[in-house]
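Asks: I am attaching a structure below and will ask some questions about it afterwards.
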Amino acid sequence: MLFQSFLRNPSPCLQAIDRTKVDSVVDVFHDVLGIRLYPVQIEAAIALTQGRIAEVQTGEGKTFITGLAAALLANDSVGVHVATTNEYLSRRDYEQLRAVFRCLGLTVSCLHSEQSADEKRVAYCSDITYGSGCEFGFDYLRDQVNLTSQGSVPAGRRFLDTLNGLPSLESRPIQIRRGVAIIDEADSVMIDEAGTPLVLGSSAGATSLDEEALREANSLATEFEAGRDFQLNQSRCVFSVEADNRIREQHKRVANSPLRRPWPQYVSQAVMARHRYARNVDYVVSEGKVAIIDVHTGRIHPERTWRGGLHQAIEIKEGLQPTCESSTAAQITRQRFLQKYDLLCGLTGTATGNEKDFQTFFGLKVQMFPTHRPSLRQRLPSLYFSSIETKERFASSEAIRIASDGRAVIVATRSIEEADRMGKLIRIQNPSVRILHGMQDEDEAELVGQAGRPNRITVTTSIAGRGTDIKVAPEVLQRGGLHLISTQHHDSMRVDRQLAGRVARQGQPGSVQQLASLHDMVLESHAASFVLARRIQSKLARLDSPNGTPIPSIDRAIQKLQRQLEHHGHVQRLQLVARDQWINRIQNEVA
C-alpha cells in the first residue's frame, strides 16, 4: 500500500464484538430512550468497531449509530473520542445519550473551548469524550507546546512535585490518550479538510508595526489591473515586468519601515485580498472584524485567521484596523493528527467514490448500508442558463410557485452574497422567507428544523452536514414533500449528493433540482486551469432560455470536470502525505 509505513500500527482495540453484548446495549437504548434501533443502525455501529467508514444516508440516525459504537468500544484502558463538526452538535449528542452511557456504567463527558486545562484533563479521563474535531486537535497541539517549553520550569519545581507524589503540572498532558476516534462527516473531515492545518497561535512576538507597509501595499494594489499587471495562478500572484519594476520603486517608500517579510509579498497579498478573496463569499465583516467562511460548509469561523499577512491585507482592504499578526506556536494537518489514533473509524452519507482516498491515506475500508426504508426521492432534470441573473430569477419564481402549493422549499446557494440576493428576490412575493447562513448554534438549528413547514422557503449557504433533522410537516408530505433547489454545482459530486440527501429521508417523498449558469463558481474558479471548464462555459454562453435548458451532455461534462477536480485533490493529498512523511523522518533523526 502507498505510504504504508506512514499509517498507524494495527490497533489493539480492534476485536470481534460479542453479539450478546450488542443486544444488551441495544436493550439499554430502548429502556432509557424508548427507541428500538434498526438492524441497519446496529450493523453500521458494528462496522465502526471494526475500524471502517460506514456510509449511512442522511436521516438514518447517525447519532445513535455513533453512540452504540462508542458504548461497544469503551473500556477502562481505551479512551473513545467522538468528534463532531462543531461544539453545538457534540453538546447535543452528549446530552441526548449520556443517560444511556451512565446506565451502562460508563463515564462520559463533553469538551468545549472555554474549559480550563484541568477541566479538560477530567473530561479526557472519561470512557467516552464528545467534542468538536478541532478541539481534539488543538488539545494535542497544546500538549506538544507544553512539552517543548518544560525547560522554563523553575529549578526544583519538578523535584518538589515528585517528593509530594504529584507529577509536575507543566508535564501533565491534557489529552492523556488517543485510543479510538469516531469521526462524524468523515468525508468532509478526512478528505476535504485533510490538508487544512490546525494552527495554534501564540501572542508572543505579535506585532502590528508593519501597518505602514500594509497600507502602502494596498494603495499600490488598487492601481494594478488583472491581466495587464498580474495573473492569479491558484494561490500565487505572478506580476508582469512593468508591475515588478513599480513594486521595486515603491520599496524605497517603506525601506525604513519594519517588515515581517520581503516587500513584494506585501504587494502580492494585497492583490490577492482584492482580486481573489471576496466579501460575503470567502469572509464576512462582523463587529469590525474579518471572519472566515469555511469553503466546505459555508459556516463562519471568527477564531480562524489567514496566515502570511493575508488576513491583515484583507482588513486593510475593508478599511479596518489591522490586527496583530500572531506567530505559530504549533501546527498539524488534520490528516496527520487523525493518524495518531490507535483505532480510527467514521461515518458519512457520501463515502462512495472516495474508497481509494480512505484506503490510501488511512488504511480504512468503506462499507455501505441501505436506507431503513426505500428512497422516494425524485430528481428533476438539471437546467442550464446563460447568466446568473436569469438563473436566480427562475430559482426564485420556482421556489415561490412550489411553496404556494403547500410544500416546503430549500434554496441551497454557495455563498452568503448569493443567498442574500436570492432572499431579496423571493421576499418581494414571500415576506416570510428565511435566510440561513453563519455559525451553527441553537437559533440556526431551530431554523433548519422548521424548514419543513407548509409554504416555508429557506435560503441557505449550505444545508449539508448541519446535523439537524428537518421535520417535514404531514401536510407537506401529502403534497409531495420537501423540494430542494441547488443553484450551483460544487467542486465534488459528493457535496452535491450531500445536499440531495437532505430531501426525501426515511422513505418520505421529496424532490431535487440542480441549476447552473455560465459564471458559476465551479466553472469560474477553474476556467484558467481546466480546459473542460472553459468548454462548458462556451456552450452555456449560447443559451438564451429564461426557463433554463436541460442538456444531458452538459450534465456529463460537469460530472467529468468534478472527477478531474477530485483527482487533482487526491494528488495534492498524496503530496501532503509525502511531505508529512519527510517531516516525520527528519524529526525522528533529530530526536
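The values are calculated or read from the model by the stated rules, or taken from the named source; none is laboratory data. All values derive from a computational prediction rather than experimental measurement. Cβ: placed from backbone, ideal geometry, glycine included. Neighbour counts: every protein chain shown. Just so you know, the surface numbers come from the protein's heavy atoms only, side chains and all, with ligands and any DNA or RNA stripped out. Shrake-Rupley method; radii C 1.70, N 1.55, O 1.52, S 1.80 Å.
Asks: Six or more apart or on different chains, Cβ atoms under 6 Å: show the pairs whose first residue is in region 257-286 and basic (Lys, Arg) and whose second is in a loop (DSSP other than H, G, I, E, B) and open to solvent by less than 50 Å² (accessible area, probe 1.4 Å).
Replies: Arg260/Asp210
Asks: Now a separate question. In region 398-432, which residues are in contact with a strand residue (DSSP E or B) (Cβ under 7 Å, 6 or more places away or on another chain), assigned to a loop (DSSP other than H, G, I, E, B) and not aliphatic (A, V, I, L, M)?
Replies: Passing the criteria: Arg407, Thr413, Asn430.
Asks: Further, regarding this structure: Of all residues in region 494-548, how many are part of a helix (DSSP H, G or I), touching a residue at least 12 places away in the same chain (Cβ under 8 Å) and among the polar types (S, T, N, Q)?
Replies: 2
Asks: Just to be sure I understand the filter: pairs with C-beta atoms under 8 Å, separated by 6 or more residues or on different chains, first member in region 220-242 and farther than 17 Å from Leu310 by Cβ and open to solvent by less than 70 Å² (accessible area, probe 1.4 Å), second member assigned to a loop (DSSP other than H, G, I, E, B) and polar (S, T, N, Q). Which pairs pass?
Replies: Asp229/Ser240
Asks: Can you work out which of the residues in region 106-135 that are free of Cβ contacts under 8 Å to residues at least 24 places away in the same chain and open to solvent by less than 60 Å² (accessible area, probe 1.4 Å) is farthest from Val189 (Cα to Cα)?
Replies: Filtering first and then ranking leaves Ser116.
Every residue, every condition in (1) at positive phi; (2) in contact with a Ser or Thr (Cβ under 6 Å, 6 or more places away or on another chain); (3) surrounded by fewer than 21 Cβ atoms within 10 Å (Cβ to Cβ), yes or no:
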position: Asp342; (1), (2), (3): no, yes, yes
position: Thr348; (1), (2), (3): no, no, no
position: Ser382; (1), (2), (3): no, no, yes
position: Ala395; (1), (2), (3): no, yes, no
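Asks: Still on this structure: Looking at (1) open to solvent by 30 Å² or more (accessible area, probe 1.4 Å); (2) at pLDDT 90 or above; (3) of a type outside the set (S, T, N, Q), can you tell me which one Pro154 breaks?
Replies: (2)
Asks: Also, quick follow-up: Quick one: in region 457-480, which of the residues that are over 21 Å from the mean Cα position of the chain (by Cα) and surrounded by fewer than 23 Cβ atoms within 10 Å (Cβ to Cβ) is modelled with the lowest pLDDT?
Replies: This residue is Lys471.
Yes/no per residue for (1) surrounded by 20 or more Cβ atoms within 10 Å (Cβ to Cβ); (2) among the basic types (Lys, Arg); (3) in contact with a Leu (Cβ under 6 Å, 6 or more places away or on another chain); (4) closer than 30 Å to Ile292 by Cα:
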| residue | (1), (2), (3), (4) |
| --- | --- |
| Arg373 | no, yes, no, no |
| Asp405 | no, no, no, no |
| Asp420 | no, no, no, yes |
| Arg427 | no, yes, no, yes |
| Val433 | yes, no, no, yes |
| His437 | yes, no, no, yes |
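Asks: OK, next. Could you go through region 566-589 and let me know if any residue there is touching a residue at least 24 places away in the same chain (Cβ under 8 Å), open to solvent by 90 Å² or more (accessible area, probe 1.4 Å), assigned to a helix (DSSP H, G or I) and among the basic types (Lys, Arg).
Replies: Looking through region 566-589, none of the residues is touching a residue at least 24 places away in the same chain (Cβ under 8 Å), open to solvent by 90 Å² or more (accessible area, probe 1.4 Å), assigned to a helix (DSSP H, G or I) and among the basic types (Lys, Arg).
Residues are listed down the side, and each one gets a yes or a no for (1) under 30 Å from Asp210 (Cβ atoms); (2) touching a helix residue (DSSP H, G or I) at 6+ places or on another chain (Cβ under 7 Å); (3) surrounded by fewer than 16 Cβ atoms within 10 Å (Cβ to Cβ):
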site	(1), (2), (3)
Val285	yes, no, yes
Ala291	yes, no, no
Phe362	no, yes, no
Phe369	no, yes, no
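Asks: What strands (runs of 3 or more DSSP E), lying completely within region 48-143, carry at least 3 residues that are at pLDDT 95 or above, touching a strand residue (DSSP E or B) at 6+ places or on another chain (Cβ under 7 Å) and within 19 Å of Asp342 (Cα to Cα)?
Replies: The strands (runs of 3 or more DSSP E) meeting that bar are 52-55, 80-84, 128-132.
Asks: Sticking with this structure for a sec: Mind checking which pairs have a first residue in region 325-337 that is under 17 Å from Asp210 (Cβ atoms) and part of a strand (DSSP E or B) and a second that is modelled with pLDDT of 85 or more and among the small types (Gly, Ala, Ser), Cβ under 8 Å, 6 or more apart or different chains?
Replies: Here the result reads Glu325/Gly309, each pair linking region 325-337 to a residue that is modelled with pLDDT of 85 or more and among the small types (Gly, Ala, Ser).
Asks: If the requirement is being surrounded by 14 or more Cβ atoms within 10 Å (Cβ to Cβ), among the aromatic types (Phe, Trp, Tyr) and not in a loop (DSSP other than H, G, I, E, B), which of these qualifies: Tyr277, Tyr266?
Replies: The match here is Tyr266.
Table: residues versus (1) in contact (Cβ under 8 Å) with a residue 60 or more places away in the chain; (2) within 22 Å of Met368 (Cβ to Cβ); (3) open to solvent by less than 10 Å² (accessible area, probe 1.4 Å).
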residue: Val28; (1), (2), (3): yes, no, no
residue: Arg36; (1), (2), (3): no, no, no
residue: Thr49; (1), (2), (3): yes, yes, yes
residue: Ile65; (1), (2), (3): yes, yes, yes
residue: Ala71; (1), (2), (3): no, no, yes
residue: Ser77; (1), (2), (3): yes, no, no
residue: Val80; (1), (2), (3): yes, no, yes
residue: Ser90; (1), (2), (3): no, no, yes
